[in-house]
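Working notes, beginning with the structure itself.
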Amino acid sequence: MRRPILTADEMRAAEAAAIAAGTTARQLMERAGAAAAEAIWRFAGPMPTLILCGPGNNGGDGYVIARRLAERGSKVRVAALAEAKGADARAARAAWPGPVEKLADAAPAPLLVDALFGTGLARPLDEPLARRLLALGSAARLRVAVDLPSGVATDNGKILSPVPDFDLTVTFATLKPSHLLQPAARHMGRLVVADIGLAAESRLTAIGRPGLRRPGPDDHKYKRGYLQVVAGAMPGAAALAATAALRAGAGYVALTGQSGSVPNAVVRRPLDDSEDPRVDAVLLGPGLGRGPEAWEILGRVMSSPRPVILDGDALWLIAGRGFPWQRSAPTLVTPHEGEFERLYGAGGSKVEAARRAAERHGHVIVYKGPDTVVAAPDGEAAIGMGAPPWLATAGTGDVLAGIVAAQCAAGLRPFEAACAGVWLHGRAAELAGPALIADDLPHYLPAAVAECL
(Lines give C-alpha, C1' and ligand atoms only; values in the text may rest on other atoms or scores of the structure.)
Protein backbone atom coordinates (compact mmCIF):
# COMPACT_ATOMS: atom_id res chain seq x y z
CA MET A 1 0.00 0.00 0.00
CA ARG A 2 1.43 3.36 -1.05
CA ARG A 3 1.46 6.25 1.42
CA PRO A 4 -0.55 9.36 0.51
CA ILE A 5 1.18 12.64 -0.25
CA LEU A 6 -0.79 15.82 0.50
CA THR A 7 -0.33 19.27 -0.95
CA ALA A 8 -0.56 22.31 1.29
CA ASP A 9 -4.23 22.83 0.39
CA GLU A 10 -5.04 19.16 0.96
CA MET A 11 -3.31 19.24 4.35
CA ARG A 12 -5.32 22.28 5.39
CA ALA A 13 -8.51 20.50 4.27
CA ALA A 14 -7.58 17.39 6.29
CA GLU A 15 -6.99 19.52 9.38
CA ALA A 16 -10.28 21.34 8.85
CA ALA A 17 -12.11 18.01 8.54
CA ALA A 18 -10.56 16.78 11.80
CA ILE A 19 -11.58 19.98 13.57
CA ALA A 20 -15.11 19.74 12.18
CA ALA A 21 -15.26 16.18 13.56
CA GLY A 22 -14.41 17.39 17.06
CA THR A 23 -10.62 17.50 17.34
CA THR A 24 -9.39 20.97 18.29
CA ALA A 25 -6.55 22.74 16.52
CA ARG A 26 -4.78 22.93 19.87
CA GLN A 27 -4.97 19.16 20.23
CA LEU A 28 -3.45 18.74 16.77
CA MET A 29 -0.60 21.07 17.72
CA GLU A 30 0.05 19.16 20.95
CA ARG A 31 0.06 15.86 19.08
CA ALA A 32 2.42 17.23 16.43
CA GLY A 33 4.84 18.68 18.96
CA ALA A 34 4.82 15.56 21.11
CA ALA A 35 5.38 13.28 18.11
CA ALA A 36 8.19 15.46 16.78
CA ALA A 37 9.84 15.59 20.22
CA GLU A 38 9.72 11.80 20.41
CA ALA A 39 11.34 11.47 16.98
CA ILE A 40 14.02 14.02 17.84
CA TRP A 41 14.79 12.32 21.16
CA ARG A 42 15.16 8.95 19.50
CA PHE A 43 17.36 10.44 16.79
CA ALA A 44 19.64 12.70 18.84
CA GLY A 45 19.18 11.87 22.51
CA PRO A 46 19.65 14.51 25.26
CA MET A 47 21.75 16.87 23.17
CA PRO A 48 21.81 20.61 23.97
CA THR A 49 19.18 22.03 21.64
CA LEU A 50 18.26 25.35 20.06
CA ILE A 51 14.70 25.51 18.69
CA LEU A 52 13.86 28.28 16.24
CA CYS A 53 10.18 29.23 16.41
CA GLY A 54 8.27 31.21 13.84
CA PRO A 55 5.13 33.24 14.58
CA GLY A 56 2.62 30.75 13.19
CA ASN A 57 1.54 27.19 13.85
CA ASN A 58 4.91 25.72 12.92
CA GLY A 59 6.39 27.87 15.64
CA GLY A 60 3.63 26.66 17.96
CA ASP A 61 4.77 23.11 17.25
CA GLY A 62 8.29 24.25 18.14
CA TYR A 63 7.22 25.50 21.58
CA VAL A 64 5.54 22.17 22.28
CA ILE A 65 8.68 20.33 21.15
CA ALA A 66 10.78 22.50 23.48
CA ARG A 67 8.55 21.75 26.45
CA ARG A 68 8.49 18.02 25.76
CA LEU A 69 12.26 17.74 25.29
CA ALA A 70 12.91 19.76 28.44
CA GLU A 71 10.62 17.41 30.38
CA ARG A 72 12.86 14.55 29.25
CA GLY A 73 15.93 16.31 30.61
CA SER A 74 17.36 17.95 27.49
CA LYS A 75 18.95 21.35 27.82
CA VAL A 76 16.68 23.37 25.55
CA ARG A 77 16.77 26.98 24.41
CA VAL A 78 14.13 28.69 22.30
CA ALA A 79 14.75 31.57 19.90
CA ALA A 80 11.77 33.29 18.27
CA LEU A 81 11.58 35.20 15.03
CA ALA A 82 8.58 37.20 16.31
CA GLU A 83 5.75 37.03 18.82
CA ALA A 84 3.40 34.08 18.37
CA LYS A 85 0.28 34.83 16.33
CA GLY A 86 -3.01 33.00 16.58
CA ALA A 87 -4.61 31.56 19.69
CA ASP A 88 -3.05 28.11 19.40
CA ALA A 89 0.50 29.32 18.83
CA ARG A 90 0.14 31.83 21.69
CA ALA A 91 -1.12 29.08 23.98
CA ALA A 92 1.85 26.88 23.09
CA ARG A 93 4.20 29.80 23.73
CA ALA A 94 2.58 30.45 27.12
CA ALA A 95 2.97 26.79 28.09
CA TRP A 96 6.73 26.92 27.50
CA PRO A 97 8.18 27.67 30.94
CA GLY A 98 11.60 28.83 29.82
CA PRO A 99 12.93 32.08 28.37
CA VAL A 100 12.63 32.99 24.70
CA GLU A 101 15.62 34.59 23.00
CA LYS A 102 15.63 36.81 19.96
CA LEU A 103 16.59 34.75 16.94
CA ALA A 104 19.02 37.41 15.73
CA ASP A 105 20.97 37.18 18.99
CA ALA A 106 20.82 33.41 19.62
CA ALA A 107 24.06 31.50 20.01
CA PRO A 108 24.31 28.15 18.19
CA ALA A 109 23.78 24.75 19.81
CA PRO A 110 24.87 21.21 18.93
CA LEU A 111 21.29 20.36 17.87
CA LEU A 112 19.30 22.86 15.80
CA VAL A 113 15.53 22.44 15.34
CA ASP A 114 13.97 24.57 12.61
CA ALA A 115 10.32 25.31 13.46
CA LEU A 116 10.14 28.65 11.66
CA PHE A 117 7.84 27.94 8.72
CA GLY A 118 6.27 24.66 7.61
CA THR A 119 3.60 23.72 5.10
CA GLY A 120 2.32 26.55 2.92
CA LEU A 121 5.36 28.81 2.62
CA ALA A 122 4.94 30.74 -0.64
CA ARG A 123 7.78 33.29 -0.69
CA PRO A 124 11.49 33.39 0.12
CA LEU A 125 12.71 34.08 3.61
CA ASP A 126 13.99 37.59 4.20
CA GLU A 127 17.68 37.60 3.34
CA PRO A 128 18.93 38.29 6.90
CA LEU A 129 16.78 35.44 8.23
CA ALA A 130 18.00 33.04 5.54
CA ARG A 131 21.62 33.93 6.37
CA ARG A 132 20.95 33.44 10.08
CA LEU A 133 19.38 30.03 9.52
CA LEU A 134 22.34 28.94 7.40
CA ALA A 135 24.82 30.17 10.01
CA LEU A 136 23.09 28.41 12.92
CA GLY A 137 22.74 25.28 10.82
CA SER A 138 26.41 25.33 9.89
CA ALA A 139 27.40 25.64 13.55
CA ALA A 140 25.24 22.69 14.68
CA ARG A 141 26.30 19.05 14.71
CA LEU A 142 22.77 17.84 13.91
CA ARG A 143 19.89 19.67 12.23
CA VAL A 144 16.18 18.78 12.38
CA ALA A 145 13.40 20.38 10.33
CA VAL A 146 9.83 20.42 11.62
CA ASP A 147 7.38 19.61 8.80
CA LEU A 148 9.59 21.13 6.05
CA PRO A 149 12.85 23.07 6.06
CA SER A 150 12.11 26.79 6.16
CA GLY A 151 12.68 28.19 2.68
CA VAL A 152 11.17 25.21 0.83
CA ALA A 153 7.89 25.36 -1.09
CA THR A 154 5.45 22.60 -0.15
CA ASP A 155 4.10 21.36 -3.45
CA ASN A 156 6.72 21.53 -6.19
CA GLY A 157 10.18 20.85 -4.75
CA LYS A 158 11.37 24.42 -5.24
CA ILE A 159 13.92 26.09 -3.00
CA LEU A 160 12.56 29.58 -2.30
CA SER A 161 15.65 30.65 -0.35
CA PRO A 162 18.86 28.85 0.68
CA VAL A 163 18.40 26.15 3.33
CA PRO A 164 20.83 24.02 5.33
CA ASP A 165 21.16 20.31 4.78
CA PHE A 166 19.06 18.67 7.49
CA ASP A 167 19.78 15.32 9.08
CA LEU A 168 16.13 14.63 9.96
CA THR A 169 12.80 16.03 8.84
CA VAL A 170 9.72 15.23 10.95
CA THR A 171 6.44 15.83 9.15
CA PHE A 172 2.87 15.23 10.21
CA ALA A 173 0.13 12.87 8.98
CA THR A 174 1.58 12.44 5.48
CA LEU A 175 4.48 13.29 3.26
CA LYS A 176 4.28 16.49 1.21
CA PRO A 177 5.44 16.64 -2.44
CA SER A 178 8.64 18.56 -1.64
CA HIS A 179 9.82 15.83 0.71
CA LEU A 180 10.43 13.75 -2.44
CA LEU A 181 10.75 16.25 -5.30
CA GLN A 182 14.10 17.77 -6.20
CA PRO A 183 15.88 20.01 -5.50
CA ALA A 184 14.17 20.30 -2.10
CA ALA A 185 14.36 16.58 -1.31
CA ARG A 186 18.15 16.56 -1.11
CA HIS A 187 18.00 18.80 1.98
CA MET A 188 15.59 16.62 4.02
CA GLY A 189 17.83 13.94 5.46
CA ARG A 190 15.96 11.08 7.07
CA LEU A 191 12.16 11.43 6.80
CA VAL A 192 9.80 10.60 9.65
CA VAL A 193 6.02 10.83 9.23
CA ALA A 194 4.36 11.33 12.63
CA ASP A 195 0.79 10.17 13.20
CA ILE A 196 -1.35 12.97 14.63
CA GLY A 197 -4.75 11.37 14.06
CA LEU A 198 -5.62 12.88 10.67
CA ALA A 199 -7.41 10.84 8.01
CA ALA A 200 -5.68 11.46 4.69
CA GLU A 201 -6.37 10.24 1.18
CA SER A 202 -4.79 11.47 -2.01
CA ARG A 203 -4.40 10.56 -5.67
CA LEU A 204 -0.71 11.31 -5.22
CA THR A 205 1.23 8.67 -3.31
CA ALA A 206 4.78 7.60 -2.49
CA ILE A 207 6.04 4.55 -4.35
CA GLY A 208 6.66 1.79 -1.83
CA ARG A 209 7.56 -1.86 -2.04
CA PRO A 210 5.02 -3.52 -4.34
CA GLY A 211 3.19 -6.73 -3.63
CA LEU A 212 3.95 -9.05 -6.54
CA ARG A 213 2.10 -12.26 -7.25
CA ARG A 214 3.97 -15.37 -6.15
CA PRO A 215 4.07 -17.97 -8.95
CA GLY A 216 1.88 -20.99 -8.21
CA PRO A 217 1.83 -24.63 -9.27
CA ASP A 218 -0.46 -23.89 -12.25
CA ASP A 219 1.84 -21.23 -13.70
CA HIS A 220 3.90 -21.74 -16.84
CA LYS A 221 6.27 -19.47 -18.75
CA TYR A 222 3.57 -17.82 -20.84
CA LYS A 223 1.28 -17.27 -17.89
CA ARG A 224 4.03 -15.35 -16.08
CA GLY A 225 4.31 -12.87 -18.94
CA TYR A 226 5.58 -13.02 -22.51
CA LEU A 227 7.53 -9.89 -23.44
CA GLN A 228 8.84 -9.00 -26.86
CA VAL A 229 11.85 -6.65 -26.89
CA VAL A 230 12.69 -5.07 -30.24
CA ALA A 231 16.38 -4.38 -30.87
CA GLY A 232 17.87 -1.99 -33.41
CA ALA A 233 21.02 -0.08 -34.23
CA MET A 234 22.59 -0.46 -30.76
CA PRO A 235 21.80 -4.05 -29.72
CA GLY A 236 23.50 -3.73 -26.34
CA ALA A 237 20.77 -1.44 -24.99
CA ALA A 238 17.99 -3.85 -25.97
CA ALA A 239 20.02 -6.73 -24.53
CA LEU A 240 20.19 -4.92 -21.18
CA ALA A 241 16.43 -4.40 -21.23
CA ALA A 242 15.70 -8.01 -22.19
CA THR A 243 18.02 -9.39 -19.51
CA ALA A 244 16.46 -7.14 -16.88
CA ALA A 245 12.96 -8.20 -17.91
CA LEU A 246 13.83 -11.86 -17.51
CA ARG A 247 15.51 -11.29 -14.12
CA ALA A 248 12.52 -9.19 -12.99
CA GLY A 249 10.16 -12.14 -13.37
CA ALA A 250 8.94 -12.30 -16.96
CA GLY A 251 8.27 -15.91 -17.93
CA TYR A 252 9.36 -15.58 -21.57
CA VAL A 253 11.39 -12.84 -23.24
CA ALA A 254 11.91 -12.76 -26.99
CA LEU A 255 14.55 -10.38 -28.39
CA THR A 256 13.95 -9.59 -32.03
CA GLY A 257 16.44 -7.98 -34.39
CA GLN A 258 20.17 -7.67 -33.77
CA SER A 259 21.21 -9.32 -30.55
CA GLY A 260 23.76 -8.26 -27.98
CA SER A 261 25.02 -10.55 -25.26
CA VAL A 262 22.04 -11.99 -23.38
CA PRO A 263 21.41 -15.03 -21.18
CA ASN A 264 20.63 -18.22 -23.06
CA ALA A 265 17.11 -18.06 -21.60
CA VAL A 266 16.34 -15.02 -23.78
CA VAL A 267 14.89 -16.25 -27.07
CA ARG A 268 16.46 -14.55 -30.10
CA ARG A 269 14.42 -14.06 -33.21
CA PRO A 270 14.86 -12.23 -36.51
CA LEU A 271 13.15 -8.86 -36.80
CA ASP A 272 10.92 -9.93 -39.68
CA ASP A 273 9.40 -12.82 -37.71
CA SER A 274 5.62 -12.63 -37.56
CA GLU A 275 4.42 -11.53 -34.14
CA ASP A 276 3.50 -14.34 -31.78
CA PRO A 277 -0.15 -13.93 -30.70
CA ARG A 278 0.82 -15.02 -27.19
CA VAL A 279 2.90 -11.86 -26.62
CA ASP A 280 1.58 -9.88 -23.65
CA ALA A 281 3.57 -6.65 -24.10
CA VAL A 282 6.16 -5.11 -26.42
CA LEU A 283 9.16 -2.97 -25.46
CA LEU A 284 10.66 -0.71 -28.10
CA GLY A 285 13.24 2.03 -28.02
CA PRO A 286 16.45 1.06 -26.21
CA GLY A 287 19.13 1.28 -28.90
CA LEU A 288 16.51 1.31 -31.69
CA GLY A 289 18.22 3.94 -33.86
CA ARG A 290 16.84 7.13 -35.35
CA GLY A 291 16.68 6.49 -39.08
CA PRO A 292 13.79 5.68 -41.48
CA GLU A 293 13.97 1.97 -40.70
CA ALA A 294 13.54 2.66 -37.00
CA TRP A 295 10.49 4.84 -37.70
CA GLU A 296 8.97 2.06 -39.82
CA ILE A 297 9.51 -0.46 -37.01
CA LEU A 298 7.96 1.96 -34.53
CA GLY A 299 4.86 2.28 -36.72
CA ARG A 300 4.46 -1.48 -36.89
CA VAL A 301 4.76 -1.86 -33.13
CA MET A 302 2.33 0.96 -32.41
CA SER A 303 -0.32 -0.85 -34.45
CA SER A 304 -0.05 -3.77 -32.01
CA PRO A 305 -3.15 -4.54 -29.93
CA ARG A 306 -0.90 -5.17 -26.92
CA PRO A 307 0.56 -2.81 -24.32
CA VAL A 308 3.62 -1.03 -25.67
CA ILE A 309 6.45 0.38 -23.57
CA LEU A 310 8.45 3.14 -25.29
CA ASP A 311 11.91 4.30 -24.24
CA GLY A 312 15.06 5.90 -25.60
CA ASP A 313 15.23 6.27 -29.37
CA ALA A 314 11.50 5.62 -29.79
CA LEU A 315 10.84 8.77 -27.77
CA TRP A 316 13.36 10.73 -29.84
CA LEU A 317 11.60 9.68 -33.05
CA ILE A 318 8.16 10.54 -31.71
CA ALA A 319 9.30 13.91 -30.40
CA GLY A 320 10.09 14.99 -33.95
CA ARG A 321 6.78 13.84 -35.40
CA GLY A 322 4.23 13.67 -32.60
CA PHE A 323 1.96 10.69 -31.86
CA PRO A 324 0.13 9.89 -35.11
CA TRP A 325 -1.36 6.63 -33.82
CA GLN A 326 -4.70 5.95 -32.18
CA ARG A 327 -4.31 3.03 -29.79
CA SER A 328 -6.84 1.23 -27.64
CA ALA A 329 -4.14 -0.77 -25.81
CA PRO A 330 -2.06 0.94 -23.11
CA THR A 331 1.05 2.94 -23.97
CA LEU A 332 3.76 3.47 -21.34
CA VAL A 333 6.56 5.95 -21.94
CA THR A 334 9.72 6.30 -19.85
CA PRO A 335 11.35 9.69 -20.62
CA HIS A 336 14.09 11.45 -18.71
CA GLU A 337 13.80 15.22 -18.32
CA GLY A 338 15.15 16.18 -21.74
CA GLU A 339 13.00 13.61 -23.53
CA PHE A 340 9.94 14.65 -21.53
CA GLU A 341 10.32 18.31 -22.47
CA ARG A 342 10.81 17.46 -26.15
CA LEU A 343 7.71 15.27 -26.09
CA TYR A 344 5.36 17.27 -23.91
CA GLY A 345 6.90 20.67 -23.19
CA ALA A 346 8.00 22.19 -19.89
CA GLY A 347 6.11 24.02 -17.17
CA GLY A 348 4.75 23.47 -13.69
CA SER A 349 5.97 21.06 -11.08
CA LYS A 350 7.15 17.62 -12.13
CA VAL A 351 3.94 16.05 -10.82
CA GLU A 352 1.72 18.60 -12.57
CA ALA A 353 3.62 18.27 -15.84
CA ALA A 354 3.45 14.46 -15.79
CA ARG A 355 -0.25 14.43 -14.93
CA ARG A 356 -1.07 16.95 -17.63
CA ALA A 357 0.82 15.02 -20.31
CA ALA A 358 -0.65 11.68 -19.24
CA GLU A 359 -4.19 13.02 -19.40
CA ARG A 360 -3.70 14.77 -22.74
CA HIS A 361 -2.07 11.82 -24.53
CA GLY A 362 -3.59 8.85 -22.70
CA HIS A 363 -0.19 7.48 -21.71
CA VAL A 364 1.16 6.14 -18.47
CA ILE A 365 4.29 8.23 -18.00
CA VAL A 366 7.39 7.30 -16.03
CA TYR A 367 9.11 10.68 -15.75
CA LYS A 368 12.56 9.50 -14.74
CA GLY A 369 15.12 11.12 -12.47
CA PRO A 370 16.25 11.14 -8.84
CA ASP A 371 12.60 11.96 -8.06
CA THR A 372 10.85 9.74 -10.60
CA VAL A 373 7.15 10.53 -11.07
CA VAL A 374 4.64 8.05 -12.47
CA ALA A 375 1.39 9.48 -13.82
CA ALA A 376 -1.72 7.87 -15.33
CA PRO A 377 -4.32 9.40 -17.66
CA ASP A 378 -6.95 9.34 -14.89
CA GLY A 379 -4.88 11.65 -12.65
CA GLU A 380 -3.36 9.01 -10.41
CA ALA A 381 0.29 9.79 -9.70
CA ALA A 382 3.15 8.59 -7.52
CA ILE A 383 6.65 9.76 -6.62
CA GLY A 384 9.65 7.53 -6.06
CA MET A 385 11.19 7.58 -2.59
CA GLY A 386 14.64 8.58 -3.84
CA ALA A 387 16.80 6.59 -6.23
CA PRO A 388 20.44 5.90 -5.32
CA PRO A 389 22.56 8.54 -7.06
CA TRP A 390 24.86 5.89 -8.49
CA LEU A 391 22.07 5.02 -10.96
CA ALA A 392 23.30 8.04 -12.94
CA THR A 393 25.29 5.93 -15.39
CA ALA A 394 24.76 4.78 -18.96
CA GLY A 395 22.26 1.99 -19.57
CA THR A 396 20.34 2.05 -16.31
CA GLY A 397 17.34 3.55 -18.09
CA ASP A 398 17.29 0.57 -20.45
CA VAL A 399 17.24 -1.70 -17.41
CA LEU A 400 14.30 0.25 -15.93
CA ALA A 401 12.37 -0.05 -19.19
CA GLY A 402 12.86 -3.82 -19.15
CA ILE A 403 11.70 -4.12 -15.54
CA VAL A 404 8.56 -2.03 -16.16
CA ALA A 405 7.80 -4.00 -19.32
CA ALA A 406 8.15 -7.31 -17.44
CA GLN A 407 5.62 -6.21 -14.83
CA CYS A 408 3.24 -5.06 -17.55
CA ALA A 409 3.58 -8.38 -19.41
CA ALA A 410 2.92 -10.22 -16.15
CA GLY A 411 -0.53 -8.65 -15.96
CA LEU A 412 -0.18 -5.65 -13.66
CA ARG A 413 -2.21 -2.68 -14.79
CA PRO A 414 0.13 -0.20 -16.47
CA PHE A 415 0.29 2.33 -13.61
CA GLU A 416 1.02 -0.40 -11.06
CA ALA A 417 3.57 -1.99 -13.41
CA ALA A 418 5.38 1.33 -13.70
CA CYS A 419 5.44 1.89 -9.93
CA ALA A 420 6.62 -1.67 -9.29
CA GLY A 421 9.35 -1.24 -11.88
CA VAL A 422 10.58 1.99 -10.31
CA TRP A 423 10.79 0.38 -6.87
CA LEU A 424 12.56 -2.76 -8.10
CA HIS A 425 15.05 -0.68 -10.10
CA GLY A 426 15.96 1.43 -7.08
CA ARG A 427 16.15 -1.54 -4.75
CA ALA A 428 18.42 -3.47 -7.12
CA ALA A 429 20.71 -0.42 -7.22
CA GLU A 430 20.80 -0.30 -3.41
CA LEU A 431 21.78 -3.95 -3.32
CA ALA A 432 24.42 -3.49 -6.02
CA GLY A 433 26.02 -0.53 -4.25
CA PRO A 434 28.08 2.41 -5.51
CA ALA A 435 30.19 2.15 -8.68
CA LEU A 436 27.65 -0.16 -10.31
CA ILE A 437 27.33 -0.31 -14.08
CA ALA A 438 24.07 -1.07 -15.82
CA ASP A 439 25.16 -4.65 -16.53
CA ASP A 440 25.29 -5.28 -12.77
CA LEU A 441 21.68 -4.37 -12.04
CA PRO A 442 19.91 -7.44 -13.51
CA HIS A 443 21.92 -9.72 -11.22
CA TYR A 444 20.39 -8.02 -8.16
CA LEU A 445 16.81 -8.06 -9.42
CA PRO A 446 15.92 -11.58 -8.18
CA ALA A 447 16.73 -10.53 -4.60
CA ALA A 448 14.66 -7.35 -5.02
CA VAL A 449 11.74 -9.34 -6.46
CA ALA A 450 11.95 -11.84 -3.59
CA GLU A 451 11.30 -9.00 -1.11
CA CYS A 452 7.96 -8.36 -2.85
CA LEU A 453 6.52 -11.89 -2.92
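Observations on the structure shown:
- Size of region 158-221 from its Cα atoms: along the principal axes, largest to smallest, the extents are 58, 29, 22 Å.
- Summarising the overall dimensions of region 79-144 from its C-alpha atoms, the Rg and Dmax are 12.7, 34 angstrom.
- HN-Hα J in Hz across region 201-207 - Karplus 6.51, -1.76, 1.60, θ = phi - 60°, x for Gly and Pro: 10, 7, 8, 10, 9, 9, 6
- Convex hull of Cα atoms in region 184-277, direction-averaged projection (nm²): 11.5
- Rg to Rh, two decimals, where region 1-40 supplies the alpha carbon set and Rh follows Kirkwood: 1.04
- Across every pair of non-identical alpha carbons in region 1-97, the mean reciprocal distance, once inverted, gives a Kirkwood radius of 14.2 Å.
- Surface share of carbon and sulfur [accessible, 1.4 angstrom probe, percent] for region 148-217: 46
- Neighbourhood net charge (13 Å Cβ-Cβ; Lys/Arg +1, Asp/Glu -1) for residue 436: -2
- Extent along principal axes [Cα atoms of region 255-411; Å; largest to smallest]: 44, 36, 32
- Set the Cα radius of gyration of region 41-182 against 2.2 N^0.38 Å, with N its number of residues, and you get 0.96.
- P(r), alpha carbons of region 101-205 - 5 Å bins starting at zero, rounded %: 2, 13, 23, 26, 17, 11, 5, 2, 0
- Per residue Cα convex hull volume in Å³ - calculated over region 207-330: 126
- Protection proxy ranking for 371-382, 103-114, 123-134, 404-415, using the average of other Cβ atoms within 10 Å per residue and placing the highest first: 404-415, 371-382, 103-114, 123-134.
- Remark: region 239-311 carries 40 Å² of accessible area per residue (probe radius 1.4 Å; ligands, DNA and RNA excluded).
- Equivalent ellipsoid dimensions for the chain as semi-axes, Å, which come from the Cα gyration tensor, largest first: 48, 20, 20
- Semi-axes of the equivalent ellipsoid for region 372-453, Cα gyration tensor, largest first, Å: 21, 14, 11
- Karplus (6.51, -1.76, 1.60) ³J(HN,Hα), θ = phi - 60°, over region 168-182, in Hz, Gly and Pro reported as x: 8, 10, 9, 10, 10, 6, 8, 5, 10, x, 6, 5, 10, 8, 7
The values are calculated or read from the model by the stated rules, or taken from the named source; none is laboratory data. These numbers were taken from a predicted model, which means no experiment stands behind them. Because the Cβ atoms are built from the backbone with ideal geometry, glycine has one as well, and the counts that use them run over all protein chains shown. Note: accessible area is taken over every heavy atom of the protein model, side chains too, but ligands, DNA and RNA are not part of it. Shrake-Rupley method; radii C 1.70, N 1.55, O 1.52, S 1.80 Å.
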